[in-house]
Amino acid sequence: MKHKVLFPALVLLTLSTIVFSAACRRASPTAATTFDASKHRGEIQKWQSDRAASLRKEDGWLTLVGLFWLNEGENKFGSDPKNAVVLPKDKAPAIAGSLVLEQGKVRLAARPGVQITADGKPAETLDLRDDNNDAGPTILRLGSLLINVVKRGERIGVRVKDTESQTRREFKGLEYFSIDPKWRVEARFEPYQPAKMIPITNVLGMTDDETSPGAFAFDVDGKTYRIDPILEKGETDWFVMIADETTGKETYGAGRYLYVTPPDATGKVLIDFNKAYSPPCAFTNYATCPLPPRQNHLPLRIEAGEKNYTGTVH
């Protein structure tokens, strides 16, 4: 499941106009057609199946077991608890090597005899890409462990995954509200001129300004609500973070996410809350999930999409 490199804060002030003009050249996703409830149910069921499969992957969120912030200079990593990056017991030698941080760049220096690979090739000394790189992060493999560099604002850290994690082994599956066409709503796109910069805070308390091209306005039971989508680097769909009256009750306490196809030529857009899903933080204590902005806290119950995970998070 897609998640989460948000669009850089420095963008052209005319971005919303450009994006909206481009959207106007696409065929309308809300063209007048007869709604097929059976087809919609099948679409959502497939989405749910794909969602579970994505979580279960060997590099999915269920495998995340550690997040460590690096200090300038040498950062030793291994199973010794004195290391800057502490790997799970029995998964790595006491000291597997060092991660050297210098002026925003990280270099691997593996200990002789330690079998670490990158892209299937032995890695002893290697400059590492972080997760903001267009080519994606360098993934180091040490036994069942996957290690990569992450950058959050000015902080640089290391994310550790274990393909044999307890959370992955004991995953109980996901629960959903009943699929309901009521929550497949048609919204109106209200562009911001210029595009609006929105402060987004993550679960670690770190805040970055992200770009919203405009608001989605939609009606439920005769009342109008608005939410701001966010543009993400490398994504064509727009990212939406929401909280509602089910948040912290039936659904995850930090809100839910969904993706929305940009507006059509008439400014219409379909928001299907049946595809709302829990952020990675619902499954691991080591994710850096962004939180819904205040304007996306909706005063209604959205009884659609993914419910809170009831399994154990390790």
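The values are calculated or read from the model by the stated rules, or taken from the named source; none is laboratory data. Everything quoted here is computed from the prediction, not taken from an experiment. All Cβ positions, even for glycine, are placed from backbone atoms using ideal geometry, and neighbour counts span all protein chains on display. The protein model used for the area step is the full one, side chains on, heavy atoms only, and it has no ligands, DNA or RNA in it. Shrake-Rupley method; radii C 1.70, N 1.55, O 1.52, S 1.80 Å.
Points to keep in mind about this one:
- Entry remark, the range 82-96: residues being over 29 Å from the mean Cα position of the chain (by Cα) and open to solvent by 40 Å² or more (accessible area, probe 1.4 Å) number 5 in total.
- Qualifying positions in the range 108-148 - among the hydrophobic types (A, V, I, L, M, F, W, C), more than 24 Å from Asp90 (Cβ to Cβ) and at pLDDT 95 or above: Leu126, Leu128
- Boolean, Thr310 is in contact with a strand residue (DSSP E or B) (Cβ under 9 Å, 6 or more places away or on another chain), over 22 Å from Pro213 (Cα atoms), open to solvent by 10 Å² or more (accessible area, probe 1.4 Å) and not aliphatic (A, V, I, L, M): no
- Search result, residues across the range 290-306 that are surrounded by 21 or more Cβ atoms within 10 Å (Cβ to Cβ) and within 19 Å of the chain's Cα centre (by Cα): Pro290, Pro292, Asn296, Gly305, Glu306
- Conditions (1) touching a residue at least 40 places away in the same chain (Cβ under 8 Å); (2) in a strand (DSSP E or B): number failed by Asn148: (1)
- Scanning the range 165-187 for residues being assigned to a loop (DSSP other than H, G, I, E, B) and open to solvent by 80 Å² or more (accessible area, probe 1.4 Å) gives a total of 4.
- Restricting attention to the range 267-289, the residues that are assigned to a loop (DSSP other than H, G, I, E, B) and open to solvent by 10 Å² or more (accessible area, probe 1.4 Å) total 3.
- For the range 255-266, residues that are aliphatic (A, V, I, L, M) and over 18 Å from Ala304 (Cβ atoms) total 1.
- Lone unmet requirement of (1) touching a strand residue (DSSP E or B) at 6+ places or on another chain (Cβ under 7 Å); (2) under 21 Å from Cys289 (Cα atoms); (3) open to solvent by 30 Å² or more (accessible area, probe 1.4 Å); (4) not polar (S, T, N, Q) for Asp162: (3)
- In the condition set (1) surrounded by fewer than 20 Cβ atoms within 10 Å (Cβ to Cβ); (2) assigned to a strand (DSSP E or B); (3) of a type in the set (Val, Ile, Thr), Thr211 is compliant with all but (1).
- Residue identified as in a strand (DSSP E or B), farther than 30 Å from Ile156 by Cα and open to solvent by 10 Å² or more (accessible area, probe 1.4 Å) among Glu190, Glu245: Glu190
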